[in-house]
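A.B. asks: Shown below is the structure under consideration.
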Amino acid sequence: MIEFQLDTAGGVATYLQLVQQVHQALRLGLLEPGDQLPTAQQVVAKLAINPNTVLKAYRDLEREGLVRPRPGQGTFVIASLSHTDPATQARLLSSMTSWLRSAHSAGLGPDDIEAIYRTAFRNYFAEGVA
Amino acid sequence: MTAALETSGLGKQYGQKWALHDCTLAIPEGKVVGLVGPNGAGKSTLLNLAVGLLAPTSGTIEVLGGRPSDGPSQLGRIGFVAQDTPTYEGMSVAKHLRMGAWLNPHWDSKLAERRIKQLGLDPRQKAGSLSGGQRAQLALVLALAKKPEILILDEPVASLDPLARREFLQTLMEVVAEHGVSVVLSSHLIADLERVCDYLVVLVASHVQLSGDVSALLASHYHLSGPRRDRSTLPANQEVIEESHTDKQSVFMVRTDNPIIDPAWIVKPVTLDDLVLGYMRQAREAEPHRRPDLGVLR
Amino acid sequence: MIRFTSLQFRIQAAIAVGVLVLVAIAVAITGPNLVHLYDTTVANCKAHGDCSYASNALTQSDSFLQSAFGALLLVLPALVGIFWGAPLIAREFEAGTFRLVWTQSVTRMRWLAVKLGIIGLTSMAVAGLATLMVSWWFSPIDKVTKVQFASFDERGIVVIGYALFAFAFGVAAGLLIRRTVPAMFAALVAFIGARLAVTYWVRPHLLAPVKAAMPLHIVFGTSIEQGSSTGLSFFEPVNIPNAWIYSNEVVNNSGHAPTAQFLQSACHSALSGPASGAVQGVPTPNQNAQTAFAECFANVAAKFHQLVIYQPASRYWAFQWYETAIFFGLAVIVAGFSFWWVRRRLV
């Protein structure tokens, strides 16, 4: 079961943060169809937020078709956001790790690596949106 | 739907001074209501009026459709925790629970004992030797175990350290999630309440300055910043709550139900903190005899 | 609410029980001795002649306990008012716990009614038991001294009335003043004031006293007296056992006492002459003195009689009931005020 975190300083509404964290978990495969989301009671007992906020987030997710409540049992994931299968994800993760290893042995520090990544990312997606 | 708390022209006078004046509210059920205002604004007065520890000088107050003086059944529907969470110093935790059982017809002993165990409180320990946080938790258990329909808490976390404060709110929200009780809690710090409230009442200088559903309030207030201009140049449907100017720039906080269409503005949403501070400042600058601004948004 | 009151009251109740047990022990240990002493000496003393020795022996026994018991009954109601009454509500205000207990599902009226009822009844029971034990212990002594009105406020049932009033007033004081120590002080002052007022201004007027005019006799203590400021006067002692004597005077039919000049001439030989100093009736062995006084006495008795204003012994219990009723009534009024205040005015 996933655990939610709250960032009070970011200016993002609480319920949106919950929705985004569910999206992220779905994308990363941490949540799969059939998994149960924490109950409102469990979430607020940890985060000390209004239960209605949790319910609102779950209602939004339900509207997006990602989850469905089962009365008396809880809220369950029914769809996935993962665009790739686990094998592909594993392969990409491993090639990324090799690249990092070679960048590191070439003498690049974390900030340099991040700068290269961000440049490549920006260039790629700027070109890609045509 | 019965209102959780409804007042009409409610006032309480001590000698020449009005601790609360001309207070009109209609707070729906099922909300966690934050009552915010500086010390001495009248928050405790309002809450004590709600539970019948004070009688109004003028106006009326109803909680869950009943008057505070209606008798024991009305008292049984409200769980109250007073400021500084008074407890009987010489009485143990267990004896406090027995008091609850004897004095409340709907007392749930199992719930009380379960919560005490969860909190790790020693039933034999005298209430006087508990820490502030533990006393607040005990007071909350006493209020909860009588199975009320509404919880009224007067500055419950004011004197608690951050951890105790967080634990108290965790317990409170868990109870709201589990039992669906309405909650009214007061504080002089909005930071205490921001996480948990979905309804807000701002009380300054004995008057209600603002009240309404939090999401509706946040959706109808904006920060506008742009080139220097006078407030009178703003459209009539935009009510100015706060303004500040430099020689070239003006920043306003406005309330409006209409969209902001003037392209000269940079529009930003307000936070709950901004909202409360803005109305508190407005109250301070208003003349003492001016009728207070009152917004009830559903 | 009854169980809760008992819970909160348990320590005070324990102290009261402790005190009663101590009293009971002291009474049980020493009481039977007094009874025995009475039965063996005083009861038979008349047959054997002079009783004064046996009487004195009895009335002076256990003098410490006599004072202690008397003091106990005197202060007991005040203590009840101070320690049971004043803190009852005042402490709830001081600790803020009224905000806890008055928002449980019990109304303020019921809360007050149970507290006043239970602790009020306990006060009465404690006062009653203490008075019962002490009165029993004193009974041999009282049978000898025969001054029941002098120990009026330490016997019978009045202590019960005093205790109830002190308690009720203490509660009301705590309710109004909201601070324990000032309320204790107020309760003490009011209690003392009420007791003094009733004792000196009310009790004497509850029943019209008997006025008895009796002829003079020469008894032990009949005498001419020389007061420093009043001059010569004639004195006849009064002997009405267990009565409450308001006044005892020697007067004529118009109600006037013998003047100094009259006494000077009527008792000339007793006051001056060779038998001077014969100013008393019996006893005097001097034959001349006795004759001189007899002549003086005859002159006085011809024109004057003894006028005693008193309450007869038989009215003792009437007074006890009246005074208890007065304090009960005061307690009820004060309690009624407390109810009214708690309901209407407190908030």
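A.B. asks: Would you point out the residue of segment B:198-238, among those that are in contact (Cβ under 8 Å) with a residue 24 or more places away in the chain and of a type in the set (D, E, K, R), that is nearest to B:GLY59 (Cα to Cα)?
C.D. replies: Per the criteria, the residue is B:ASP213.
A.B. asks: Which residues, counting only those in segment B:156-165, are surrounded by fewer than 23 Cβ atoms within 10 Å (Cβ to Cβ), within 17 Å of the chain's Cα centre (by Cα) and not aliphatic (A, V, I, L, M)?
C.D. replies: B:SER159, B:ARG165
A.B. asks: Another question about this same structure. Going by what's in this entry, would B:LEU193 be described as in contact with an Asp or Glu (Cβ under 9 Å, 6 or more places away or on another chain), buried (at least 20 other Cβ atoms within 10 Å of the Cβ) and not basic (Lys, Arg)?
C.D. replies: Answer is no for this residue.
Results for (1) out of contact with any Ser or Thr (no Cβ under 7 Å at 6 or more places or on another chain); (2) under 15 Å from C:HIS305 (Cβ atoms); (3) at pLDDT below 80, shown as yes or no for each residue.
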{"position": "C:GLY227", "(1), (2), (3)": "no, no, yes"}
{"position": "C:LEU232", "(1), (2), (3)": "yes, no, no"}
{"position": "C:ASN242", "(1), (2), (3)": "yes, no, no"}
{"position": "C:SER254", "(1), (2), (3)": "yes, yes, no"}
{"position": "C:PHE262", "(1), (2), (3)": "yes, yes, no"}
{"position": "C:SER265", "(1), (2), (3)": "yes, no, no"}
{"position": "C:ALA270", "(1), (2), (3)": "yes, no, yes"}
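A.B. asks: Within segment B:34-57, can you find the residues that are more than 17 Å from B:ALA82 (Cβ to Cβ) and in a strand (DSSP E or B)?
C.D. replies: Residues satisfying the conditions are B:GLY34, B:VAL36.
A.B. asks: Does B:PRO86 satisfy being within 10 Å of chain C (Cβ to nearest Cβ) and either within 25 Å of C:ALA90 (Cβ to Cβ) or crowded, with 21+ Cβ neighbours inside 10 Å (or both)?
C.D. replies: yes
A.B. asks: Looking at B:LEU111, B:LEU144, B:LEU121, B:LEU140 in this structure, which one is away from chain C (no Cβ under 11 Å), more than 30 Å from B:GLY66 (Cβ to Cβ) and modelled with pLDDT under 95?
C.D. replies: B:LEU121
A.B. asks: Hey, another quick one. For segment B:203-213, check the following and say yes or no: at least one residue is of a type outside the set (Asp, Glu), at pLDDT 90 or above and surrounded by fewer than 22 Cβ atoms within 10 Å (Cβ to Cβ).
C.D. replies: The answer is yes, given that some residue of segment B:203-213 is of a type outside the set (Asp, Glu), at pLDDT 90 or above and surrounded by fewer than 22 Cβ atoms within 10 Å (Cβ to Cβ).
A.B. asks: Could we say that B:GLY71 is crowded, with 17+ Cβ neighbours inside 10 Å and not acidic (Asp, Glu) here?
C.D. replies: no
A.B. asks: Further, regarding this structure: Do we find that B:VAL175 is within 23 Å of B:GLY76 (Cα to Cα), within 14 Å of chain A (Cβ to nearest Cβ), crowded, with 20+ Cβ neighbours inside 10 Å and modelled with pLDDT under 95 in this structure?
C.D. replies: In short, yes.
A.B. asks: Between residues in segment B:89-106 that are over 13 Å from C:THR5 (Cα atoms) and within 9 Å of another protein chain (Cβ to nearest Cβ) and residues that are among the charged types (D, E, K, R) and surrounded by fewer than 18 Cβ atoms within 10 Å (Cβ to Cβ), which pairs lie under 8 Å by C-beta distance while being six or more apart or on different chains?
C.D. replies: B:GLU89/B:LYS126; B:GLY90/B:LYS126; B:HIS106/B:LYS147
A.B. asks: Hey, among B:ARG124, B:ARG135, which residue is among the charged types (D, E, K, R), in a helix (DSSP H, G or I) and touching a residue at least 12 places away in the same chain (Cβ under 8 Å)?
C.D. replies: Answer to the check: B:ARG135.
A.B. asks: Also, quick follow-up: Looking at segment B:58-85, which of the residues that are assigned to a strand (DSSP E or B) and of a type in the set (Ser, Thr, Tyr) is nearest to B:GLY133 (Cα to Cα)?
C.D. replies: By that ranking, first place goes to B:THR60.
A.B. asks: So, of the residues in segment C:59-93 that are touching a Phe, Trp or Tyr at 6+ places or on another chain (Cβ under 6 Å) and more than 14 Å from chain B (Cβ to nearest Cβ), which turns out to be surrounded by the most Cβ atoms within 10 Å (Cβ to Cβ)?
C.D. replies: C:GLY85
A.B. asks: Tally the residues that are crowded, with 16+ Cβ neighbours inside 10 Å, in contact with a helix residue (DSSP H, G or I) (Cβ under 6 Å, 6 or more places away or on another chain) and either hydroxyl-bearing (Ser, Thr, Tyr) or assigned to a loop (DSSP other than H, G, I, E, B) (or both), restricting the search to segment C:221-257.
C.D. replies: 2
A.B. asks: If I ask for residues that are buried (at least 19 other Cβ atoms within 10 Å of the Cβ) and at the interface with chain B (Cβ under 9 Å from one of its Cβ atoms), which ones from segment A:24-44 would you list?
C.D. replies: A:ALA40, A:VAL43, A:VAL44
A.B. asks: Taking only pairs six or more apart or across chains, which ones have beta-carbon atoms under 7 Å, a first residue in segment B:249-266 that is surrounded by 11 or more Cβ atoms within 10 Å (Cβ to Cβ), and a second residue that is of a type in the set (Phe, Trp, Tyr) and not in a loop (DSSP other than H, G, I, E, B)?
C.D. replies: B:VAL254/B:TYR222; B:ILE260/B:TYR222
A.B. asks: Looking only at residues in segment A:45-69 that are surrounded by 19 or more Cβ atoms within 10 Å (Cβ to Cβ) and touching a Pro at 6+ places or on another chain (Cβ under 9 Å), which one is farthest from the other protein chains (Cβ to nearest Cβ)?
C.D. replies: It comes out as A:TYR58.
A.B. asks: While we're here: For residues that are among the hydrophobic types (A, V, I, L, M, F, W, C) and more than 7 Å from chain B (Cβ to nearest Cβ), scanning just segment C:94-110, find the one that is farthest from B:LEU47 (Cα to Cα).
C.D. replies: Residue satisfying both the conditions and the ranking: C:MET109.
A.B. asks: Looking at (1) without any contact (Cβ under 8 Å) to a residue 60 or more places away in the chain; (2) touching a helix residue (DSSP H, G or I) at 6+ places or on another chain (Cβ under 9 Å); (3) away from chain B (no Cβ under 14 Å), can you tell me which one C:VAL27 breaks?
C.D. replies: Answer for C:VAL27: the failing condition is (1).
A.B. asks: Take the conditions within 19 Å of C:ILE326 (Cα to Cα) and among the hydrophobic types (A, V, I, L, M, F, W, C) and apply them to C:ALA183. Does it pass?
C.D. replies: So C:ALA183 fails the test.
A.B. asks: Out of C:PHE64, C:PHE165, which single residue is in contact (Cβ under 8 Å) with a residue 24 or more places away in the chain, hydrophobic (A, V, I, L, M, F, W, C), at negative phi and in a helix (DSSP H, G or I)?
C.D. replies: None of the other options fit; the residue is C:PHE165.
A.B. asks: I'd like the residue in segment A:72-130 that is of a type in the set (Val, Ile, Thr), under 23 Å from A:GLN20 (Cβ atoms) and surrounded by 10 or more Cβ atoms within 10 Å (Cβ to Cβ) and, out of all such residues, is modelled with the lowest pLDDT.
C.D. replies: Filtering segment A:72-130 for residues that are of a type in the set (Val, Ile, Thr), under 23 Å from A:GLN20 (Cβ atoms) and surrounded by 10 or more Cβ atoms within 10 Å (Cβ to Cβ), the one modelled with the lowest pLDDT comes out as A:THR84.
The values are calculated or read from the model by the stated rules, or taken from the named source; none is laboratory data. Note that the structure is predicted; figures quoted are calculated from it, not measured. Note: ideal-geometry Cβ built from the backbone for every residue, glycine included; neighbour counts use all protein chains shown.
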